[in-house]
Amino acid sequence: MREAPPFPRKSPPLALLLGAVFLIASPSTTAFAQQTPFIQQLKKFLESQNRHLEEGNFNAYLNAFADSTGARARQSTFLALMRTSPARNLRLRLTSPQTLILTQGTRIENASVIMEYEIPDRDTSHAFQSPARCDFLVSHAGQNWNITKFDFERQTPFWLLGLSESTSTDHFLLFFNPRFESPESAGETGRQLERAYKKLTREKYLQLADRYPVFLVPREDHFKKITAMDPGRFGAATSSTYQVVEGGFAVRQRALYINNGLLLSSGPGRPVPGRDQTLLHEMVHLALVDVTRPYTPTWLVEGTAVCLAGQRSTASRQALRVSGALQAISLSGLSRGALPGSRFGSKFHLNLEYQFAAETVAFLMDQIGREKFFEFYRSFSRIPSEELRARIDASLNPQPGDPAPLPKIMHLLTLELTPRHCGFDLYELDRRVKNHLAAKAF
């Protein structure tokens, strides 16, 4: 921790005990705005690759990767490792909309491709998506295609990180790397998660699924690869992928990633204090996944998790008062897309913004009641996708082909929905929470 807090603290920095949710708005499967011939040919090529995978014709699949760039060797290793994992139904698809340019009639560079796969688990299966960037070489009027580059952007498939062993509990399928973790240690994490699961079943406004996949990531660099989150600041992360479908959004992925490089930092097999709370925090995210959207304000998402996980503290409330943070933090700023603390480099400031979000949630629950609070939370998930598109077109006027400006949508919806459900606007809420914290005796 780079900065000392303005008060004594014996426990580890709270930033170490916090988790986060990273929400991915996956591009829709709708058609490209202009179905140019080479895009149709490229999609047809990817469909043929998918058929090779379905039929187990891996040589034909690999022959489409360029040998000269090393892409074939890397993909061969990828497939060999995948076949030792439970992953099934591997597929590739182009994201849309995106702008693809055929250079000199032979090359497409930096195309956005989604790799999809499933993990079977008892009577269900878990869907996953890993975004990648690809270069293609085309010849013979679009009849022959080669993949010259295939690089994952984030959410690196777990089998590439050595998470090759698994264990199961009543509600969790846990993957771990046997070089760093024993089945007994993984089982203890499963028992911690079951305690969190049981505790949250008593919260009437949360809806838990029957099964969740969990990945115990032993190295901080691997945690960054699989989550794209700062491994020095986050002890765990929940991923949720939302895809636009007719009439709204569908949840395509939900999983928990535990940063054991951080949360086991007090010694092998000896978790830091607060690990139970971190896992409970992440379980709150999972329980709210179906009513959370990429444009739900981050202070509402993270504040609810901190509040329900019991991670508020008198010391942190005192720090908010005496550090000057109340003048720098605003709900309007936290309603524009960025995770709390992302504007600052220190774990101390990360802690303060998370705590302000949690104090705001606690204040709202007290003022309007838990039932109305969760109705407010759910209201962001009830905006029809057609209305979102209309808002983008009418209010934000993006350029054709641009992705949806989610931070702007988030801010506009928060400004609109807060007074409707809370009885006062976002700025008044900000003022009341700060006055409440400034006046409160600790």
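The values are calculated or read from the model by the stated rules, or taken from the named source; none is laboratory data. Keep in mind it's a predicted model, so treat the numbers as computed, not measured. Heads up, the Cβs are rebuilt from the backbone with ideal geometry, glycines too, and the neighbour counts pull from every protein chain shown.
So that you can scan it fast, the table gives a plain yes or no per residue for (1) in contact with a Pro (Cβ under 7 Å, 6 or more places away or on another chain); (2) modelled with pLDDT of 65 or more; (3) not acidic (Asp, Glu):
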site: 338; (1), (2), (3): no, yes, yes
site: 347; (1), (2), (3): yes, yes, yes
site: 353; (1), (2), (3): yes, yes, no
site: 358; (1), (2), (3): no, yes, yes
site: 366; (1), (2), (3): no, yes, no
site: 386; (1), (2), (3): no, yes, no
site: 400; (1), (2), (3): no, no, yes
site: 410; (1), (2), (3): yes, yes, yes
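Yes/no per residue for (1) buried (at least 16 other Cβ atoms within 10 Å of the Cβ); (2) in a strand (DSSP E or B); (3) at pLDDT below 90:
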site: 244; (1), (2), (3): yes, yes, yes
site: 262; (1), (2), (3): yes, no, yes
site: 269; (1), (2), (3): no, no, yes
site: 279; (1), (2), (3): yes, no, no
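For the range 77-185, the strands (runs of 3 or more DSSP E) that sit wholly inside it and include 1 or more residues that are touching an Asp or Glu at 6+ places or on another chain (Cβ under 6 Å) and not aromatic (Phe, Trp, Tyr) are 88-94, 107-121, 124-139, 144-152, 172-176. Screening 362, 390 for residues that are in the same structural domain as residue 433 (by TED's automatic domain parsing) and touching a residue at least 12 places away in the same chain (Cβ under 8 Å) leaves exactly one candidate, 362.
For residue 107, are the conditions met, namely being among the basic types (Lys, Arg), at pLDDT 95 or above, within 28 Å of residue 66 (Cα to Cα) and surrounded by fewer than 19 Cβ atoms within 10 Å (Cβ to Cβ)? No; evaluated as a whole, the condition is false for this residue. Residue 334 falls short of the stated requirement of being closer than 20 Å to residue 237 by Cβ, among the aliphatic types (A, V, I, L, M) and at pLDDT below 80. Does at least one position in the range 372-384 carry a residue that is in a helix (DSSP H, G or I), in contact with an Asp or Glu (Cβ under 6 Å, 6 or more places away or on another chain) and at pLDDT 90 or above? Within the range 372-384, none of the residues are in a helix (DSSP H, G or I), in contact with an Asp or Glu (Cβ under 6 Å, 6 or more places away or on another chain) and at pLDDT 90 or above. Evaluated against (1) under 23 Å from the mean Cα position of the chain (by Cα); (2) surrounded by 16 or more Cβ atoms within 10 Å (Cβ to Cβ), residue 151 falls short on exactly one condition, (2).
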